[in-house]
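S.K.: The following block contains the structure, expressed as structure tokens.
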Amino acid sequence: MPEHTATGAFFTEPPGRLFLHVSPSPRACPGDDPLDLVSPDIGGLIVSDDDGVHASAYLEQVADDGAFTGPIIYDPAVYAREIARPDEQPALFALSREMRAASIRLQPARRHAQVSLTPTRYLYPEPYRCLHNAAHAAAEIAAPDIVFAVPVDHTWLDSPHYRELITVLVDTPGPKALILGDDDDPLEKLDRAQHLREIVTSVPGLALLRTGLAGLDALVHGAEFASIGVSAATRRTPPPGLSSTGPRSGPPEVLVPDLMHYVDGQRFSTMLSQTSQVPRCRCPECARGSIEFGERGRPVTTFTEAADEQIAHRHNYWLIEEWHATLMRGTESTKRQDRWRRLCAEALGNHIPINARRHPHSEPLEAPSSLKFWAAG
Ligand SMILES: [Zn+2]
């Protein structure tokens, strides 16, 4: 059994850790995930138990393997299955009989996680009492190895709710981890990306979990730590009752480095099917196909099959880690933010020539609203 870390040091040294976020499925084994790409010095692993069953076995395998030496956070992910109700006191730990049974089964998993998230239920803005109850319960159980999970529906990012969220989180002691719920991109509206930035910069000790590139934006603007999903299922958090977290078959989502944009591999390939000028990647994962693809690297249009999923996950995470390491270099936060803004502005601009080369029958690839906001500063 690994020693528990001194949690205070874990959360502050170094600041700005980036965690790989996984949610094991029945057939998952740690060897399928790019754990070897996670730096134990500036990264870590978060294991979410979205279905209440499989994280335990996964964590046992990670522990048995012994190769992963970075910090591990266990997330019971109750928010994936249950919605907070105002008539329950406290909302935070009021588990159903099924959940109690699941949590007993999960006890072995808990041993291997150095830190756990609270089993907070999914929080809608109405009524505010649900968030207040959860924050109150979190304050009561404050412990060095517990982080208050704050799984909020994306509508919390709208006015005036996000201001209430800031007030409650500022008043709640200890580390907090914000999780944005949405069936799709929670930042598809420009002002939501802006309000999220305001939340991150206003709440000390805040983490942002289960994101894509929003995790990097949060880190360069002072978030304590962040996590980026290995797959679309852990980059998004649908409200309980919506099924999009289920296993996904078909082409993987692949991160296009020039565009800083996750795209459907098949759609991207079809879109650029009439040009040879396609974005290429020379990351170590893509370089493994160098005999086939040549020195210029693998075309990002070649991730078209379900069988490409594992290599796409490795490619995606390698890029993220590379950006993370570059962005967090040095200590001056204004320089980090400048680097991030320039990176995003360049990626936003690159959408224009890519779209100009697209197949005439294909839809243009619209840059995400969040990227537009980040590029503007
Ligand atoms: Zn690559």
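S.K.: In region 153-190, how many are exposed (fewer than 15 other Cβ atoms within 10 Å of the Cβ), in contact with an Asp or Glu (Cβ under 9 Å, 6 or more places away or on another chain) and touching a residue at least 12 places away in the same chain (Cβ under 8 Å)?
M.R.: Number satisfying all stated conditions: 3.
One line per residue, one yes/no per condition, for (1) out of contact with any Phe, Trp or Tyr (no Cβ under 7 Å at 6 or more places or on another chain); (2) touching a residue at least 40 places away in the same chain (Cβ under 8 Å):
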{"residue": "A325", "(1), (2)": "yes, yes"}
{"residue": "G330", "(1), (2)": "yes, no"}
{"residue": "K335", "(1), (2)": "yes, no"}
{"residue": "C344", "(1), (2)": "no, yes"}
{"residue": "P368", "(1), (2)": "yes, yes"}
{"residue": "K372", "(1), (2)": "yes, yes"}
{"residue": "A375", "(1), (2)": "yes, no"}
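S.K.: Sticking with this structure for a sec: For region 331-346, indicate whether the set of residues that are among the aliphatic types (A, V, I, L, M) and within 16 Å of the ligand (Cβ to nearest atom) is non-empty. Walk me through it before giving the result.
M.R.: First, the residues of region 331-346 that are among the aliphatic types (A, V, I, L, M): 343, 345.
Imposing the further condition that a residue be within 16 Å of the ligand (Cβ to nearest atom) reduces the set to none.
Scanning region 331-346, I find no residue that is among the aliphatic types (A, V, I, L, M) and within 16 Å of the ligand (Cβ to nearest atom), so the answer is no.
S.K.: Let me ask something else. What is the number of the single condition among (1) under 23 Å from G241 (Cα atoms); (2) modelled with pLDDT of 95 or more; (3) part of a loop (DSSP other than H, G, I, E, B) that E126 does not meet?
M.R.: Result: E126 fails condition (2) only.
Rundown of residues vs (1) acidic (D, E); (2) in the same structural domain as L35 (by TED's automatic domain parsing); (3) under 16 Å from L45 (Cα atoms), yes/no style:
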site	(1), (2), (3)
A177	no, yes, yes
P186	no, yes, no
K189	no, yes, no
Q194	no, yes, no
L206	no, yes, no
T211	no, yes, yes
V220	no, yes, no
E224	yes, yes, yes
S227	no, yes, yes
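S.K.: Which of the residues belonging to region 314-369 are over 28 Å from P30 (Cα atoms), in a helix (DSSP H, G or I) and among the small types (G, A, S)?
M.R.: Residues of region 314-369 over 28 Å from P30 (Cα atoms): 329-369.
Still in the running and in a helix (DSSP H, G or I): 333-356, 369.
S333, A345, A347, G349, A356, S369 - these are the residues of region 314-369 that are over 28 Å from P30 (Cα atoms), in a helix (DSSP H, G or I) and among the small types (G, A, S).
S.K.: Which of the numbered conditions does T304 fail, given that it passes all the others? Conditions: (1) within 16 Å of the ligand (Cβ to nearest atom); (2) part of a helix (DSSP H, G or I).
M.R.: With respect to (1) within 16 Å of the ligand (Cβ to nearest atom); (2) part of a helix (DSSP H, G or I), T304 is out only on (2).
S.K.: Something else about it: Restricting the search to region 318-373, which residues are among the basic types (K, R) and either closer than 21 Å to D185 by Cβ or surrounded by 13 or more Cβ atoms within 10 Å (Cβ to Cβ) (or both)?
M.R.: Of the residues in region 318-373, the ones among the basic types (K, R) are 329, 335-336, 339, 341-342, 357-358, 372.
Across region 318-373, the qualifying residues are K335, R336, R339, R341, R357, R358, K372.
S.K.: Please verify whether I354 is away from the ligand (no atom under 16 Å from the Cβ), within 30 Å of Q274 (Cα to Cα) and outside the structural domain of L213 (by TED's automatic domain parsing), treating the condition exactly as stated. Don't jump to the end; show me each part of the working.
M.R.: Values: away from the ligand (no atom under 16 Å from the Cβ): yes; within 30 Å of Q274 (Cα to Cα): yes; outside the structural domain of L213 (by TED's automatic domain parsing): yes.
Taking the combined requirement at face value, the residue satisfies it.
S.K.: Now a separate question. Could you tell me whether A376 is in contact with a strand residue (DSSP E or B) (Cβ under 8 Å, 6 or more places away or on another chain), surrounded by fewer than 18 Cβ atoms within 10 Å (Cβ to Cβ) and among the small types (G, A, S)? Full working, then the answer.
M.R.: Numbers: in contact with a strand residue (DSSP E or B) (Cβ under 8 Å, 6 or more places away or on another chain): no; surrounded by fewer than 18 Cβ atoms within 10 Å (Cβ to Cβ): yes; among the small types (G, A, S): yes.
So A376 fails the test.
The values are calculated or read from the model by the stated rules, or taken from the named source; none is laboratory data. Just so it is clear, the model here is predicted, and its values are computed rather than measured. So basically every Cβ, Gly included, is an ideal-geometry build from the backbone, and we count neighbours across all protein chains shown.
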